[in-house]
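Participant: Here's a structure for you.
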Amino acid sequence: MSGSSERSMKLFAVSQPGIEEITAEELKELGIEGKVIPGGVEFEGDLEVLYRTNLWLRTASRILVRLCTFRAKHFAELVRKAQKCPWNDFITPDLPLKIRATSKKSKLYHSKAIEERIWRAITEAVGFEPKKARLEDEGTSVIVRFENDICTISINSSGAMLHKRGYRVKETEAPLRETLAAAIVLVSGWRGETPFIDPFCGSGTIPIEAAMIAANVPPGISRGFAFMKWKNFDEELWKSIRKEAVSKIKKVKVPIIGYDIDPDAIEAARKNSEAAGVSEFVRFENLSFPEVSFDAVTIVTNPPYGVRLPIKNVREIYRRLGDWIERHFKNYRVLFLSPNRKFAELTGLNPELITFFSNGGIAVGLYRAESQQIPLQST
């Protein structure tokens with residue numbers, strides 16, 4: 001193990017606003033204490049922690065390494081101080097580089113000019129001109145954030161955003177992002193104890209994420225990460241972490257079912273579950289509100305509510321959802337998304353608002369309702 005693998009780094013798990021607390025809980029399950037701030041969770045760790053969090057976090061978008069923080073009010077000062085950041089572990093001649101800057105309440109406010117100065121500082125520090133990347137996913141991406149004249153420079157260890165698990169081979173219209181689907185399942189408390197149903201499964205994201213959670217499949221098991229191309233990449237450490245993760249994958253012993261009225265969506269869901277390696281645990285059926293019944297069930301779903309749907313249709317969908325649940329399940333826990341409380345209350349399930357976030361540009365609330373008879377228990 002290299003010396004740098006034992007060196008503690010300041011790290012930041014980027015989370016979509018509204019689900020930061022869920023990401024913090026995930027970190028806690030990995031034995032990592034973090035501090036929740038708007039937009040994510042701050043924590044510390046060595047290369048092992050960096051690798052584990054990229055592999056295991058289901059709700060984070062990226063894991064950033066905080067390279068350096070300093071005050072700068074002039075461009076010359078910015079270049080001078082940025083040169084002192086530890087660039088050599090992360091910037092290599094064969095990796096294209098992308099710099100993205102934002103500025104708020106600072107003397108240096110022109111983001112393009114900040115990006116140009118950081119590029120100059122990196123070039124002078126490493127002694128070569130890196131290739132330019134068009135997209136952050138292509139190689140190494142550096143994120144520069146100015147606020148109140150304080151400059152924070154971070155490097156993206158993940159590469160492509162972490163919701164890109166690698167299993168979405170076929171999409172339907174307006175799919176739910178994987179990180180959000182995982183967040184909803186995690187909030188439900190379901191870990192594979194009861195049957196699990198999504199009556200509006202679309203391309204299968206929620207049932208697939210549920211199956212991965214129940215089977216203990218790491219969300220990053222089938223993809224690569226930017227840190228794998230860094231100079232300080234510890235291949236033996238990464239292999240051992242990955243091998244340990246694979247050894248913990250287990251069978252799912254309860255039904256996980258996705259229903260959808262659209263046959264194309266069901267076809268997409270089946271292909272995606274195969275790509276995710278969980279097709280043996282998930283069943284998809286081309287049905288709407290089917291005649292199905294379980295003693296205890298967890299229902300997690302994202303009903304149709306987009307701008308293309310007439311309001312009366314949306315109202316009917318929420319009414320029918322509540323009616324179907326009440327008629328078929330005596331013991332249930334349901335979590336669902338709704339763009340407003342009025343639609344949520346049309347279910348008649350007396351739902352409570354858990355959190356809210358943006359889904360595909362639409363502000364939505366996450367609602368939870370439970371049957372009153374008896375608490376959910378394993379079947």
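The values are calculated or read from the model by the stated rules, or taken from the named source; none is laboratory data. Model, not experiment: these values are computed from the prediction. For neighbour counting, all protein chains shown are included, and Cβ atoms are generated from backbone atoms with ideal geometry for every residue, glycine included. These accessible areas exclude ligands, DNA and RNA; they are computed on the full protein's heavy atoms, side chains included. Shrake-Rupley method; radii C 1.70, N 1.55, O 1.52, S 1.80 Å.
Participant: Can you tell me what share of the DSSP beta bridges in the chain is antiparallel? A percent to the nearest 5 is fine.
Facilitator: Bridges in the chain that DSSP calls antiparallel: roughly 65 percent.
Participant: Mind ranking Ser141, Ser111 by accessible surface for me, highest first, 1.4 Å probe?
Facilitator: Ser111, Ser141
Participant: Sticking with this one: Can you tell me the dipole magnitude for region 12-54 around its Cα centre, using point charges on the Cβ only (Lys, Arg +1; Asp, Glu -1), in Debye to the nearest 20?
Facilitator: 80 debye
Participant: What size of dipole, in debye to the nearest 20, comes out for the chain about its Cα centre when the only charges are +1 on Lys and Arg C-beta atoms and -1 on Asp and Glu C-beta atoms?
Facilitator: 1060 debye
Participant: Moving on. Once fully extended, how much extra length lies between Asn232 and Glu48, figured as 0.36 nm per residue of separation less the alpha-carbon to alpha-carbon distance?
Facilitator: Using 0.36 nm per residue and subtracting the Cα-Cα distance, I get 65.0 nm.
Participant: Taking only protein heavy atoms into account and a 1.4 Å probe, give the accessible area per residue of region 208-277 in Å².
Facilitator: Solvent-accessible surface per residue comes out at 46 Å².
Participant: Once amide H atoms are placed 1.01 Å from N in the peptide plane, what residues at a sequence separation of 5 or more from Met9, or on another chain, have their amide H within under 5 Å of its amide H?
Facilitator: Gly45, Asp46
Participant: Of all beta bridges DSSP finds with both residues in region 269-379, what is the antiparallel percent, to the nearest 5?
Facilitator: Around 70 percent antiparallel, to the nearest 5.
Participant: With each label point set 7 Å from Cα along the Cα-Cβ vector, what nm distance links Asn286 and Arg242?
Facilitator: Reported label-point gap for Asn286 and Arg242 is 3.8 nm.
Participant: Between Asp137 and Glu345, what FRET efficiency follows from the Cβ-Cβ distance if R0 is 41 Å, with the result rounded to 0.05?
Facilitator: According to the calculation, E is roughly 0.50.
Participant: Would you mind telling me the share, in percent, of accessible area of the chain contributed by carbon and sulfur at probe 1.4 angstrom?
Facilitator: Solvent-exposed carbon and sulfur of the chain make up 49 percent of the total.
Participant: All other residues with a Cβ under 13 Å from the Cβ of Lys271 taken together, and with Lys, Arg as +1 and Asp, Glu as -1, what is their net charge?
Facilitator: Combined, the nearby Lys, Arg, Asp and Glu give -1.
Participant: For the chain, what is one quarter of the convex hull surface built on the Cα atoms, given in nm²?
Facilitator: For the Cα atoms of the chain, the hull's average projected area reads 19.6 nm².
Participant: Let me check the size of region 249-379 from its C-alpha atoms; what are the radius of gyration and Dmax in Å?
Facilitator: Calculated on Cα positions, Rg and Dmax stand at 15.4, 44 Å.
Participant: Please report, in Å, the Rg and the Dmax of region 150-295, where both are computed over Cα atoms only.
Facilitator: Cα-based Rg and Dmax for region 150-295 come out at 17.1, 59 Å.
Participant: Could you tell me which of Ala181, Leu162, Phe128 has its Cα farthest along the dipole of region 105-192 towards the positive end, charges placed at Cβ (Lys, Arg +1; Asp, Glu -1), taken about the Cα centre?
Facilitator: Among Ala181, Leu162, Phe128, the one farthest towards the positive end of the dipole of region 105-192 is Ala181.
Participant: In nm, to one decimal, how far is the modelled label at Ala113 from the one at Leu353, with both set 7 Å along Cα→Cβ?
Facilitator: Roughly 4.2 nm, to one decimal.
Participant: Please report the accessible area of Met9 (heavy atoms, 1.4 Å probe, ligands and nucleic acids excluded) in Å², nearest 10.
Facilitator: For Met9, the solvent-accessible surface is approximately 20 Å².
Participant: If one takes the longest principal axis of the Cα atoms in the chain, at what angle in degrees, from 0 to 90 and to the nearest 10, does the Cα axis of helix 311-328 lie?
Facilitator: Computed tilt is about 60 degrees.
Participant: Taking only Cα atoms, what is the 0 to 90° angle, nearest 10, from helix 47-56's long axis to the longest principal axis of the chain?
Facilitator: 30 degrees
Participant: Next up: Quick one: putting +1 on the C-beta of Lys and Arg, -1 on the C-beta of Asp and Glu, what dipole do you get for region 112-267 around its Cα centre, in Debye to the nearest 20?
Facilitator: Roughly 600 debye, rounded to the nearest 20.
Participant: Compute the long axis of helix 178-188 from its Cα atoms, compare it with the longest principal axis of the Cα atoms of the chain, and write down the angle in degrees, 0 to 90, nearest 10.
Facilitator: 60 degrees
Participant: Write out the cysteines belonging to the chain for which the nearest other cysteine Cβ is not under 4.7 Å, or none if no such cysteine exists.
Facilitator: Singleton cysteines: Cys151, Cys201.
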